[in-house]
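**Q** Please see the structure below; I have some questions.
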Amino acid sequence: MVDNRIAALAEQYYPYVRDLRHEFHRYPELSWKEFRTSARIVEELEKMGVPCEAHCGNETNVAAYLRGTGPGAGRTIMLRADMDALPIQEESSHELCSENPGVMHACAHDGHVAGMLGAVRILKDLSDQYAGTIKVIFEAGEEDGGGANDFIRMGLLDDVEALFGCHLFGTVKEGRAALRVGNFMSASDAIWITIRGLSGHSSTPHLAIDPVNIAAQLITDAQAVVARLVPPTEIAVLGFSTIHGGTAFNTIPGEVKLSGSLRCFNEETRQRIHTGLEGLLKGLTEAYGASYELRYSNSMPAVINDERLTKFAAKSAAKVLGEDHVDMLRDPQMGSETFAYYCDKVPSCFYYIGIDADNRMPEGHNLHHNSSFCWRDENLRLSMECMAQIALDYMTQ
């Protein structure tokens, strides 16, 4: 049954949420530096009369607590939003544009914070409809390892029986939600490689050890690590995104640095690729008399959606969007999310709300981590309404 009160409150609070989103978008902050953002979150929660905790495990994590006064089983659930921006210079042609040079909300986290604050207002107004506690967390640093483990370390998940999170997502059409049971978003590693050779003049390559040549072979040959060491039934992506080396066109540099990422869905596949990449690096550098350093960072598990909660969330979202606007995805997504850490601890569901507006927005508007990324404010209404509907349905089931 559709709860018309949620829809009415979402409509009432839409201007409030829109204005917040605009504010957060104009003043984006990088991972672990979300000082203004977290302070504003606390300020808004205090205005609502919602108990909250700043500096929750780190300098910018925020936790809030909604206490129900109505009938029911007295459950404890958790809702999560992230808040950090990216080191990207936003397109100056955008009507809504960052005022912090070189920093941009290019992954919709401004909307996640604003939409969650709207959902909190709705659930606060409806607190006489449920018993128990709804914990709401605003996570720092999602783009750089995340504050999820800080919340976990502090014990905030110890009594939580269900956790829900939402991402405004560019590959999903406006007005639609997308979910998947089981593997939803991939595990990942950031890869950092240094290849050390011997610098020299390009006219006498035999007197040098060329790390550029080794790096070129590595980038090409690394694809065979996935193609030949990972079972064809498993999904994995291995690629390089940066390469730095050299200072002059006629000088062989002494070292080259590369970075890239690995994405997969299980630990066995991750270890197969680690072993293969190490072996390839060892063989190439030994063949040419070079040396290497290989390390991994930002390693996280896959987002594994709980079957019961995912089906539950899909039914709740259908009350808001209509059953024909809720998609159960066939294939997992290769992006990664620190929401995975919560999935490791408690039954969880992560879902997408679409922001792809087709030709109603400029080309490239739906490309995450891109300077052209932008989306329509109207999507906030459905975002906060779906989150509130899911939470209220779960608390009153």
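The values are calculated or read from the model by the stated rules, or taken from the named source; none is laboratory data. Because the structure is a prediction, the values reported are computed rather than measured. A quick note on method: Cβ atoms are made from the backbone with ideal geometry, for glycine too, and the neighbour counts reach across all protein chains shown. Surface areas here come from the heavy atoms of the whole protein model, side chains and all, with no ligands, DNA or RNA. Shrake-Rupley method; radii C 1.70, N 1.55, O 1.52, S 1.80 Å.
**Q** If the reach is capped at under 22 angstrom between alpha carbons, list the lysines near Lys282, excluding any in the same chain fewer than eight residues apart.
**A** Lys257
**Q** Could I ask something else about it? Which is farthest toward the positive dipole end of the chain among Ser186, Gly49, Leu198, measuring Cα position about the Cα centre, with Cβ charges +1 (Lys, Arg) and -1 (Asp, Glu)?
**A** Ser186
**Q** Calculate the FRET efficiency for Glu323 and Asn298 from the Cβ-Cβ distance with a Förster distance of 45 Å, rounded to the nearest 0.05.
**A** 0.75
**Q** Carbon-plus-sulfur fraction of the accessible area of the stretch 299-347, 1.4 Å probe, in percent?
**A** That fraction is 48 percent.
**Q** Cut-off under 28 Å on the C-alpha distance; same-chain residues fewer than 8 positions from Lys345 excluded. Which lysines are left, in chain and number order?
**A** Lys33, Lys124, Lys135, Lys311, Lys315
**Q** Any idea of the accessible area per residue across the stretch 3-69, 1.4 Å probe, to the nearest Å²?
**A** On a per-residue basis, the stretch 3-69 sits at 45 Å².
**Q** So what's the net charge close to Pro253: Lys and Arg +1, Asp and Glu -1, counting the other residues with Cβ under 14 Å from its Cβ?
**A** The answer is 0.
**Q** Of the candidates Gly146, Gly245, Gly364, which one comes out as most mobile in a Gaussian network treatment of the chain with C-alpha springs shorter than 10 Å?
**A** Sorting by GNM fluctuation, first place goes to Gly245.
**Q** How large, in percent, is the carbon and sulfur part of the accessible surface of the stretch 92-168 at a probe radius of 1.4 Å?
**A** Solvent-exposed carbon and sulfur of the stretch 92-168 make up 39 percent of the total.
**Q** Extension gain Glu268-Leu96, at 0.36 nm per residue separation less the Cα-Cα distance, in nm?
**A** Gain on stretching Glu268 to Leu96: 57.5 nm.
**Q** What distance in nm separates the two pseudo spin-label positions at Ala73 and Leu30, each 7 Å out from Cα along the beta-carbon direction?
**A** Calculated label separation equals 4.6 nm.
**Q** In nm, give the distance between the simple-model label positions of Glu43 and Asp344, each being 7 Å from the Cα along the Cα-to-Cβ direction.
**A** The answer from the label model is 3.6 nm.
**Q** Can you give me the relative contact order of the stretch 170-293 as a percent, contacts being Cα pairs under 8 Å and 6 or more apart?
**A** It comes to 35 percent, rounded to a whole number.
**Q** Would you please classify the overall shape of the chain from the alpha carbon gyration tensor, given that a ≥ b ≥ c denote the square roots of the eigenvalues, rounded means a/c under 1.5, and beyond that prolate means a/b larger than b/c while oblate covers the rest?
**A** Since a/c reaches 1.5 and a/b is larger than b/c, the shape of the chain is classed as prolate.
**Q** Additional query: For the stretch 329-343, take each phi angle, set θ = phi - 60°, evaluate the Karplus expression 6.51 cos²θ - 1.76 cosθ + 1.60, and give the result in whole Hz per residue in order, putting x for glycine and proline.
**A** 5, 6, 10, x, 9, 8, x, 10, 8, 5, 4, 4, 5, 5, 4
**Q** Need the full-extension length gain, Thr220 to Lys257, defined as separation in residues times 0.36 nm minus the C-alpha distance. One decimal, nm.
**A** 11.8 nm
**Q** Given a Förster radius of 35 Å and the C-beta distance between Gln12 and Lys311 as r, what FRET efficiency does 1/(1 + (r/R0)^6) yield to the nearest 0.05?
**A** With R0 = 35 Å, the Cβ-Cβ based efficiency is 0.70.
**Q** Rolling a 1.4 angstrom probe over the protein heavy atoms, how many square angstrom per residue are accessible across the stretch 149-277?
**A** Normalised by residue count, the accessible surface of the stretch 149-277 is 46 Å².
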